[in-house]
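What follows is a set of notes on a single structure, which appears directly below.
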Amino acid sequence: TRMVPSCVPPSLALGSSFDGVPPSRQTSPDGAGAGAGVGSSSSGGARPPGWIDPDLLEVKSKACICALCKGLLVKPTSGCRRGCSFCRICYRGHLLQRKDCPTCSSPVADEKNLVHNRPLEDMIAELNMRCSKDAMENGEDEAAEAGPPAAKRAKLEPAASMTVQALRKELRQRGLKTPGTKPELVARLEEDRKQGAGCKWKGRVGGLAAHLLECQWVPVKCPNEGCTESPPRKDLAEHEATCGMRKVKCAHCEGQMEHQLLAEHEGSCTLAKVECPNEGCSVLHMRGAMNLHREKCEHEEVACSCPGCDARLLRKDMDAHFEATHLGPGVSAVKLLQSAYDRIAALQAVAESEQGNLSPAPTTWVFNWRADGWKTGHFSSEPHSFGGGVTGQCVLLVNANDSPFVGFEFKGIDRGRVHATFSIIDKHDKTLRRVHVVGSSTAPAESDFTNALYKGRQFTPTAEEKVQSERADGSIRLRAVVRLFPDLAA
């Protein structure tokens, strides 16, 4: 067996054992651990950055081990007259508490007396070692917790008899995935034990830092913000491809979000194409403007427009119903007219009874809002309260495959009478074009807000309008004047 020469006085001898110090993780240049790192040693000292377990050496030498952290000397430094060497950081930490040598107790005045032991450092750099992610040999668990050397040499516990917590702990130490049921974890661990998976690198201590930059078994933190996983470098690409925290774009509105939130977002995205909810209709339309289609859908259930008739049928069947029930043979015109008069009288009675509770004038509000040019997106105005728990909001929906949609919605009210105008505003804050009008001041439109996200319409801006409306920062402005009238309907 090759012997390593001693480069320090015999006073540095540490005895016949290494106090059972277990391997830890190194600090690699990219911040990932590879079997050594910062931690506490059995002597109570802190491990310096780059701490290396002496057990990784091909041939161990007590002369190259720090008596404070029990690892290979990192920047070996001497300070006493006998030349005892310790890691520079370890020695400095010791001198903050005591002004003597930790080994021979010789007095050390202060940090100015410390001398860098370069010959010893050069010798350590030439020692042969293996990567701390080497395969577990002869049944020895090199990633065992702190304990006496005998604990390291103990045979591995059969995977089937281990707890789920213990299984996941060993899988993490081996750089393997931990999710799954106990039978899956047992199978994964037993397979890895059979293969002896691990890094096979062997080289000099001085070449360890360069090896850690490319070692495939080094845990590397996932670059996705918010992810706490640190898979082995060899599995990083696979992890990134499935990481729930990776950033993705919605295919409909092009909004960016975490992948784990994409499914929920797509289920409510107003620009997503969805199928008409009416049974028998397979038309696809933007979710936010589905009401435009449903107002004409042949499979929508609607009420008969004939006064006094309570029938509700599909729109496609309504003409046949009206002709057979209200215009067919045997239908009395007098009876039909009388029914209409009765309905009008009922409505007048309701209006008279509710008149004292209604505002005599409509509530008007001017909405001005901004959009990021004519790019795909969902751009909403600030909501406004119309009183009585009713709030209104205007919106511009731009989809790459459809004409822009402009409209409004009300919350806190099922039905209402509305007069609204929507306009594109030019870069000088003047009206460029009125793109949509709902009702009028003398004949406001009856609107049902129960089944639609937004009430409005699609329009197509011309190339000239796009140029005249875009401002210096690329944004555009829209304006809507919305008047909500008292609802006199029963």
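Tabulated data
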read-out	value
Criterion violated by residue 218 - all others in (1) of a type in the set (Val, Ile, Thr); (2) modelled with pLDDT under 85; (3) closer than 14 Å to residue 133 by Cα satisfied	(2)
Residue list for the stretch 85-101, restricted to those being in a helix (DSSP H, G or I) and either aromatic (Phe, Trp, Tyr) or open to solvent by 10 Å² or more (accessible area, probe 1.4 Å) (or both)	88, 89, 90, 91, 92, 93, 94
Which listed residue is closer than 27 Å to residue 377 by Cβ, among the β-branched types (Val, Ile, Thr) and out of contact with any Asp or Glu (no Cβ under 8 Å at 6 or more places or on another chain), from 248, 274, 283	274
Criterion violated by residue 254 - all others in (1) closer than 30 Å to residue 395 by Cα; (2) open to solvent by less than 80 Å² (accessible area, probe 1.4 Å) satisfied	(2)
Among the residues listed as 193, 188, the single one being in a helix (DSSP H, G or I), modelled with pLDDT under 85 and open to solvent by less than 80 Å² (accessible area, probe 1.4 Å)	193
Any strands (runs of 3 or more DSSP E) falling wholly within the stretch 373-412 and containing at least 2 residues that are more than 28 Å from the chain's Cα centre (by Cα) and surrounded by 14 or more Cβ atoms within 10 Å (Cβ to Cβ)	384-387, 390-398, 405-411
Residue count, the stretch 201-250 (criterion: touching a residue at least 60 places away in the same chain (Cβ under 8 Å), surrounded by fewer than 16 Cβ atoms within 10 Å (Cβ to Cβ) and in a strand (DSSP E or B))	3
Selection status of residue 70, in contact (Cβ under 8 Å) with a residue 40 or more places away in the chain, closer than 26 Å to residue 212 by Cβ and open to solvent by 60 Å² or more (accessible area, probe 1.4 Å)	no
Close pairs (6 angstrom Cβ cut-off, 6 or more residues apart or separate chains): part of a helix (DSSP H, G or I) in the stretch 292-305, acidic (Asp, Glu) anywhere	294/300
Count - residues of the stretch 67-83 that are over 44 Å from the mean Cα position of the chain (by Cα) and either assigned to a strand (DSSP E or B) or over 11 Å from residue 120 (Cβ atoms) (or both)	8
Residues satisfying the stated conditions in the stretch 102-125, i.e. in contact with a helix residue (DSSP H, G or I) (Cβ under 8 Å, 6 or more places away or on another chain) and either open to solvent by 70 Å² or more (accessible area, probe 1.4 Å) or more than 18 Å from residue 73 (Cβ to Cβ) (or both)	110, 111
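Yes/no per residue for (1) touching a Lys or Arg at 6+ places or on another chain (Cβ under 9 Å); (2) more than 26 Å from residue 294 (Cα to Cα):
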residue: 409; (1), (2): yes, no
residue: 426; (1), (2): yes, yes
residue: 434; (1), (2): no, no
residue: 445; (1), (2): yes, no
residue: 449; (1), (2): yes, no
residue: 467; (1), (2): no, yes
residue: 470; (1), (2): yes, yes
residue: 473; (1), (2): no, yes
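The values are calculated or read from the model by the stated rules, or taken from the named source; none is laboratory data. Keep in mind that what you see is a predicted model, and the values were worked out from it rather than measured. FYI the Cβ positions are ideal-geometry reconstructions off the backbone, even for glycines, and counts take in every protein chain you see. Protein only, heavy atoms only, side chains kept; ligands, DNA and RNA dropped before computing areas. Shrake-Rupley method; radii C 1.70, N 1.55, O 1.52, S 1.80 Å.
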